[in-house]
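Chemist: Sharing a structure below in structure tokens format, with a few things to ask.
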Amino acid sequence: MNKKMAMMCCCMVFAVACRTMSHLFSPPSYFPPPHYDFKQNPLDKDKVLLGRILFYDPILSQDNTISCASCHSPYNSFAHTDHALSHGIGDKIGTRNAPALLNLAWHERFMWDGAIHHLDMQALAPITHPLEMAESMPNVVKKLEKEALYPPLFKKAFGDSTVTGENLLKALAQFQLTLVSNQAKFDSVMRKQSHFTEQEQHGYVLFDQHCSTCHPPPLFSTYQFANNGLPLDTVLKDYGKMKITQNHADSLLFKIPTLRNWEYTAPYMHDGRFQKIQQVLQHYTKNIQKSATLSKELQNGVVLSANEKIDLIAFLLTLNDRHFVFNPAVAFPKTYLLDKKNSSSSNGEVQ
Ligand code: HEC
Ligand code: HEC
């Protein structure tokens, strides 16, 4: 092959790869560049599909009862509603609230305390956690190899029907990377397809004044860590990032959560202590606990009148993305999981 042809081939392969990738991951132009290095794990539709099936399959847990989706339900923007603290295997109660999973390509660290640096490694934590899925990777691999469903799906995705932990983790990461929320009213205003009402616009001004240093648009989080003045829960004694770094300057610092889809993800905060957004605002206006590590933005508390709170909430409501929550492309893959035994030969569309 001469040089020119090789170049052309290269370009074509690249163009196809980009097209596939853009179909699976196409954030709007007003989003910043993602943090995730897609070159290390380029998105591919068969890998995403495998990841999606694994995400919803309780086979990843020791007694085959708990899936990732048990704690990260699509209808709650992939958080765990009603549960302040997550419930895992044997209904064991964890120590933290399950966060919403969205726009993960922009996160630099994972977990409330930043314990995990890479999305590709994250799933190992819940799979092996004694209070969550209580499984081991070698055993998961063994179980998947015995299921008629999986070897062909691994073959299609990775060109090899041998199930490996590495490929399993890559596939799970791929599916989660496709969970991009960008269809809220806020986004349609950014795209100039609609307008804020006067009340929402006023709420946006208040938001900008009081909230946006930590929860800036368009992602509504810096994904850094901060102490927002929550009093320590004396039972859980969770000091956040300090647990990982052992540095006192990190005491009570938690990863700043996004505010996108907050209406679907109650309860709030790392331990799910608040059920309602009004309680969150009550915290910021009345109950901020001073301490050595309290963020400087909150040193003087937040002053909001009752009417201003209402306007702020009106703005916050524009961050809810129904399209994301009810997106059939990321929902439970019925065709594959409802009847696993028969489905291994199915090539049908995922529903
Ligand atoms: C028993 C409930 C439970 C199960 C099952 C579970 N998770 Fe989680 N997940 C949590 C909790 C709680 C956290 C926060 C943990 C922490 O901060 O220490 C979390 C955190 C995460 C995060 C980090 C999000 C962020 O913003 O930092 C990701 C990603 C995630 N889970 C994906 C998964 C995947 C993939 C699976 C399945 C392999 C899974 N989870 C299974 C409860 C669960
Ligand atoms: C100094 C940074 C900072 C500022 C300013 C700030 N927040 Fe937060 N916010 C955080 C952190 C950190 C958390 C998580 C704390 C935790 O769970 O321990 C959080 C959590 C939240 C949550 C819970 C989200 C969830 O999914 O659990 C909401 C809602 C929220 N903030 C709204 C606001 C609003 C509204 C404002 C402005 C009035 C604001 N925040 C100002 C840092 C900040």
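Chemist: When the convex hull of the C-alpha atoms of the stretch 185-320 is computed, what volume per residue in Å³ does it have?
Modeler: Taking the convex hull of the Cα positions in the stretch 185-320, it is 103 Å³ per residue.
Chemist: Between beta-carbons, use under 9 Å as the cut-off and find the net charge around Pro267, counting Lys and Arg +1, Asp and Glu -1.
Modeler: My count for the surroundings of Pro267 gives 0.
Chemist: Let me ask something else about it. For Thr81 and Asp160, what does the FRET efficiency come to when R0 = 35 Å and r is the distance between their Cβ atoms, rounded to the nearest 0.05?
Modeler: Details: r = 38 Å, r/R0 = 1.09.
That pair, Thr81 with Asp160, gives E of 0.35.
Chemist: Please arrange Ser194, Ser305, Ser86 by how many other C-beta atoms lie within 10 Å of their C-beta, fewest to most.
Modeler: Ser305, Ser194, Ser86
Chemist: Now, a different point. With each run of n ≥ 4 DSSP H residues scored as -39500 (n - 2.57), what mean residue ellipticity at 222 nm is computed for the chain after dividing by its residue count and rounding to the nearest 500 deg cm²/dmol? Working shown, then result.
Modeler: Working: 16 runs with 136 residues, N = 351.
It comes out at -10500 deg cm²/dmol, rounded to the nearest 500.
Chemist: While we're on this one: With unit charges on the beta carbons (Lys and Arg positive, Asp and Glu negative) and the dipole taken about the Cα centre of the chain, which residue among Val330, Gly229, Ser70 sits farthest to the positive side?
Modeler: Of the options given, the answer is Val330.
Chemist: With charges only on Cβ, +1 for K and R and -1 for D and E, what is the dipole size of the chain about its Cα centre, in debye, rounded to 20?
Modeler: Details: 34 positive and 31 negative charges, 132 e Å.
The dipole magnitude comes to about 640 debye.
Chemist: What is the sum of charges, Lys and Arg at +1 and Asp and Glu at -1, for the other residues whose Cβ falls under 15 Å from the Cβ of Glu297?
Modeler: Net charge in that neighbourhood comes out at +1.
Chemist: Pop out the ³J(HN,Hα) list for the stretch 119-124 in order, Karplus 6.51 cos²θ - 1.76 cosθ + 1.60 with θ = phi - 60°, rounded to Hz; leave Gly and Pro as x.
Modeler: Running phi through 6.51 cos²θ - 1.76 cosθ + 1.60 with θ = phi - 60° gives 4, 4, 9, 4, 4, 4 Hz.
Chemist: Which GluC sites (Glu not before Pro) in the stretch 121-212 sit in a loop by DSSP (not H, G, I, E or B) and have at most 16 other Cβ atoms within 10 Å of their own Cβ?
Modeler: In loop regions of the stretch 121-212 (DSSP not H, G, I, E or B), the sparsely surrounded GluC sites (Glu not before Pro) are Glu147.
Chemist: Over the Cα atoms of the chain, compute the convex hull volume and normalise it per residue, giving Å³.
Modeler: Here the figure is 162 Å³ per residue.
Chemist: Among Phe186, Leu168, Asn139, flag the residue with its Cα farthest along the positive direction of the charge dipole of the chain, charges on Cβ as +1 for Lys/Arg and -1 for Asp/Glu.
Modeler: After comparing all options, I get Leu168.
Chemist: Once amide H atoms are placed 1.01 Å from N in the peptide plane, what residues at a sequence separation of 5 or more from Ala79, or on another chain, have their amide H within under 5 Å of its amide H?
Modeler: Long-range HN contacts for Ala79: Ser73, Leu101.
Chemist: Something else about it: Report the net charge of residues surrounding Gly203, where surrounding means a beta-carbon distance below 13 angstrom and charges are Lys +1, Arg +1, Asp -1, Glu -1. Walk me through the numbers on the way to the answer.
Modeler: Working: positive: Lys185, Lys309; negative: Glu198, Glu200, Asp208, Glu308, Asp311.
Computed value for this residue: -3.
Chemist: Which helices count as membrane-span-like in the chain under these terms: full DSSP H, at least 20 Å along the axis by C-alpha, Kyte-Doolittle mean of -0.5 or more? Provide the component values of the computation, followed by the final result.
Modeler: Details: long enough: 3-24 (31 Å, 1.04).
Correct list, ordered by number: 3-24.
Chemist: Limiting things to C-alpha atoms, what are the Rg and the maximum Cα-Cα separation (Dmax) for the stretch 106-176, in angstroms?
Modeler: For the stretch 106-176, the Cα radius of gyration and maximum Cα-Cα distance read 13.2, 38 Å.
No value in this document is a laboratory result; all are computed from the given coordinates. Note that this is a predicted model, so its numbers are computed, not measured. Using ideal geometry, Cβ is built from the backbone for each residue, glycine included, and neighbour counts are taken over all protein chains shown.
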